[in-house]
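The structure appears right after this line, and notes come after that.
Nothing in this text is a laboratory measurement; each read-out follows from the coordinates by a stated rule. Just so you know, these numbers come straight off a predicted model, no measurement behind them. For neighbour counting, all protein chains shown are included, and Cβ atoms are generated from backbone atoms with ideal geometry for every residue, glycine included.
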Amino acid sequence: MTRWLRCIRRTGLVLIAAAWAVVAQAQATARPDEDAVRALERAARAVVGLSATAVDDAQSNATLGRQRSGSGVVIDRDGLVLTIGYLVLEAESVTLEVEPGREVPARVVAYDLATGFGLVRPLVPLRVEPVPLARGKPDADAPLMAASGGSDAAVGVARLMSQRAFSGYWEYHIDDALFTAPPLPMHSGAGLFNLKGELVGIGSLALADTLPADDPRSVPGNLFVPVTLLEPILGELLARGSSAASRRAWLGLNCTQQMDQVRVVRVSADSPAAAGGVRPGDRIVRIDGTEVRSLDTLWKTLWAGGAPERDVTLEVRRADGMHTLTLRSVDRMSTLSRPRGI
């Protein structure tokens, strides 16, 4: 569908050439619109590399590792960078790579469990022009530009394959997730832009299939979290470090859905699920009396059931029959490790 342009040296000429090629490929013309080229060149410049080191005792190190790297996008004049939250989850230190040889220390401003966004602010000026945030849903028929930052920066054309709800195996759900193809190298925290150079989404996952659920074909690509989720909570994130929706019940489960069955594949150590006796392989039949046939039902029922810290009843099926387990859920945000002094 496209090839990715590797921007090993983030000089003006390289980015202009990359933006020109993106628009030319998108519009199938040898002379693309120069305003669009300038907008996309600015957008590519606003994507920076991001590396983070998590604290020693972070629970997330077991799945994400202590050293993490990806990208972020500059979204305001003060250098505020929007990224995907798992890169900065329980981070002890964060560094932004603006261009080769120029690294800037930064601090985490917010981690939002509900949307999956993270915000970091540089400790010295970035001198990078920010990009505007797109409003509304992207045009399903219009081409997009995907861009990652850092020493392995890449720029290319992406196509929106579908926009629909997404439920993650790690107690996560968002509406209107953006599914794009082809797969972007170094997708974590990458920027997805329309041809106006407006930020449409932030890269989260690589997926084996990006088409609508009822499409029998399979096209690999990426999931981007739409920036339309950011505007309603941005002030809250800057003031409090997370949104109110992030203060919700957490069990410590990783689950998968196959047809209309939900099974546990992993139980986090020292979690309510571990303490309550949940085992990998359990099929979750009901939660608090509600029948479970999908991940979204499981997570939404958990979050809507009351206070973050409460008794939660799971009915699970094992080889020896049905079991009823009572778990004491916790507020996930309260379990996160933080750097000393914070």
Summed residue charge, Cβ within 10 Å of Ser71's Cβ, Lys/Arg positive, Asp/Glu negative: -2
q = 0.20 Å⁻¹: log10 I(q)/I(0) that the Debye formula gives for the stretch 114-256, counting C-alpha atoms only: -1.35
Under 11 Å, Cβ to Cβ, from Leu234 - net charge with Lys/Arg +1 and Asp/Glu -1: -4
Neighbour-count ranking [beta-carbon atoms within 10 angstrom, fewest first] of Ile284, Ile174: Ile174, Ile284
Relative contact order, percent, the stretch 225-310 [alpha-carbon distance under 8 Å, six or more residues apart]: 25
Integer Hz, Karplus 6.51/-1.76/1.60 couplings in order for the stretch 322-337, x for Gly and Pro: 7, 9, 10, 10, 10, 10, 9, 5, 10, 7, 4, 4, 6, 8, 6, 6
Note, ³J(HN,Hα) from phi for the stretch 258-272, Karplus 6.51, -1.76, 1.60, rounded to Hz, x at Gly and Pro: 10, 6, 10, 10, 10, 10, 7, 10, 7, 10, 5, 4, 6, 9, x
Length-normalised contact order for the stretch 1-246 - Cα pairs under 8 Å, 6+ apart - percent: 21
Derived scalar couplings ³J(HN,Hα) [the stretch 214-231; Karplus, 6.51 cos²θ - 1.76 cosθ + 1.60; whole Hz; x for Gly, Pro]: 8, 8, x, 6, 9, 10, x, x, 9, 10, 10, 7, x, 6, 4, 6, 7, 3
Net charge, Arg121 excluded, C-beta distance under 14 Å - Lys, Arg +1, Asp, Glu -1: 0
Principal axis box of the stretch 247-335, alpha-carbon based, largest edge first, Å: 34, 23, 19
Long-range Cα-Cα pairs in the chain (distance over 38 Å), rounded percent: 18
Potential lengthening between Asp35 and Ala319 on full extension [0.36 nm per residue; Cα-Cα distance subtracted]: 95.9 nm
